[in-house]
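What follows is a short report on a single structure.
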Amino acid sequence: MRAKIIGTGAFLPPGVLNNEALEKMVVTSDEWIVSRTGIRERRRTTDNEASSDLAYNAAKHALKNAGLKPDRIDLVLIATATPDMLLPSTGCLVQGRLGIRNVPAFDLNAVCSGFIYGLATADAFIRSGAYKSILLIGVDTITKFTDYSDRTTCIIFGDGAGAVVLQATREKKGVIGSRLYADGTKWDYIHVPGGGSRIPSYAAAPSDYYMIMKGHDTFRVAVRGLEQAILDLLKQTRVSLRDIDFIIPHQANTRIIGALAEKLKYPMEKIFVNIENYGNTSAASIPIALHEAVAGKRIRNNDLVLFASFGSGLTWGASLVKW
Ligand code: COA
């Protein structure tokens, strides 16, 4: 059994935060942001929009494109680092809102690598025969944990959700393989210190709820990690890079993507980039990009598509899919 992606969907909150608006909040410039990151604008949720709202809309979109009613789903899996609340899981909130009953739902947190971790998990469940139709959503609302007086982080992140419906198939299509990695010794490269059991609300200062990032260090390990994940996965699946039709990397920074292309000697024209419009949407970035690539007919039947991601944890990984 293989896990085939039979539908994709995405949802971006309508509020746009462009570089000109950021110029009014911190000492920065559109020119600096575009040249260092490739980002021109990103979406930002309002006080009334939470991760489950974005996830629900993306899920409805993916289910419609898959031609599947919600009651055909037998597992709801959400990759997120920014749940609506500490408990219950956002998976349960979305499952309830979709009106699906008596099927498991849970969250998985691998931050920006959440979609790849989720895809590998869904694939394993389908290969084992445990579930046949899985709804996998990558969603994050990092702007809720962003300090808009910190110019090193506020220029990068945006909010969004992307979803896929995976179904068991005997066709030679779907997820071929995945590689997952973590290095917890570097947990402090990107983190939000407060709100958990280490610094609970009664001990937290307001600034403890904001993300802190070592941008420069992260940049270097990101390029190395992405390259390692891709090369290891190609070796594991015995596929040559020349045969890869399309790469969808996590949208963290165009310079990271450019450096990766250079290291791999892989043409930029075959790498999907939409960071200009959305910034880094964490676990949502790959499924949003995938949806746009599918909707824009950039991916064709039988194409070999490679996903690769990197993020807080540190976590990184890659997945190979035959479309
Ligand atoms: N506007 C203008 N200047 C800025 C700035 C901003 N928004 N942010 C930082 N600077 C300044 C710094 O203060 C520094 O000034 P100094 O030389 O006077 O000290 C200078 O620009 C260079 O800073 P540096 O941090 O070396 O820049 P950089 O080229 O590494 O770019 C990032 C910064 C954050 C864009 C880059 O490191 C990056 O993208 N890292 C990866 C982050 C990431 O992808 N995280 C998510 C992983 S999932």
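The values are calculated or read from the model by the stated rules, or taken from the named source; none is laboratory data. Quick caveat, the model's predicted, so the values are computed rather than measured. Using ideal geometry, Cβ is built from the backbone for each residue, glycine included, and neighbour counts are taken over all protein chains shown. Only protein heavy atoms, including side chains, enter the accessible area calculation; ligands, DNA and RNA are left aside. Shrake-Rupley method; radii C 1.70, N 1.55, O 1.52, S 1.80 Å.
Tabulated results
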| read-out | value |
| --- | --- |
| Of P70, P193, P206, the one that fluctuates the most in a GNM where the chain has Cα springs shorter than 10 Å | P206 |
| Shape call, the range 120-198: gyration tensor on alpha carbons, a/c limit 1.5 | prolate |
| Accessible area of I5 in the full protein assembly, 1.4 Å probe (Å², nearest 10) | 20 |
| Beta bridges per DSSP with both ends in the chain, % antiparallel, nearest 5 | 70 |
| Surface accessible to a 1.4 Å probe, per residue, for the residues of the range 2-171, Å² | 41 |
| FRET efficiency, A21 to D303 (Cβ-Cβ, R0 56 Å, nearest 0.05) | 0.90 |
| Built amide H within the under 5 Å cut-off of N280, gap 5+ | F157, G158 |
| Probe 1.4 Å - accessible area at M85, Å² to nearest ten | 90 |
| The range 183-240 versus the range 14-57: alpha-carbon centroid distance in Å | 21 |
| Candidates per trypsin sites (Lys or Arg not before Pro) in the range 227-323, loop by DSSP, up to 15 other Cβ within 10 Å | R238, K265, K297, R300 |
| Accessible surface ranking that places the most exposed of F115, F219 first, with a 1.4 angstrom probe | F219, F115 |
| Gaussian network model of the chain, Cα within-10 Å springs - most flexible of D53, D208, D243 | D243 |
| Residue order for Y266, Y209 - accessible surface, 1.4 angstrom probe, largest first | Y209, Y266 |
| Global geometry of the range 96-141, whether rounded, prolate or oblate, following the gyration tensor of its Cα atoms and the 1.5 cut on a/c | oblate |
| Cα centre as origin, Lys/Arg/Asp/Glu Cβ charges: the chain dipole, Debye | 1360 |
| Accessible surface, 1.4 Å probe, highest first, among residues D123, D150 | D150, D123 |
| Whole-number accessible area per residue in Å² for the range 175-322, which is evaluated in the context of all protein chains at 1.4 Å | 46 |
| Estimated FRET transfer efficiency (I199, A124; beta-carbon r; R0 41 Å; 0.05) | 0.75 |
| Calculated P(r) tail over 34 Å for the chain, as whole % of Cα pairs | 17 |
| Listed residues S89, S197, S35, most fluctuating in the chain (Gaussian network, C-alpha, under 10 Å) | S197 |
| Over 27 Å (Cα to Cα) - which of K24/K270; K60/K214; K64/K132; K64/K263 fall in this group | K24/K270; K60/K214; K64/K263 |
| Computed [θ] at 222 nm, helices only, for the chain once each DSSP H run of length n ≥ 4 contributes -39500 (n - 2.57) | -9500 deg cm²/dmol |
| Sequence-distant residues sharing a close amide H with T153 (under 5 Å, placed H) | none |
| With all protein chains modelled, accessible area of F310 [1.4 Å, Å²] | 20 |
| Percentage, to the nearest whole number, of Cα pairs in the range 213-256 over 15 Å apart | 51 |
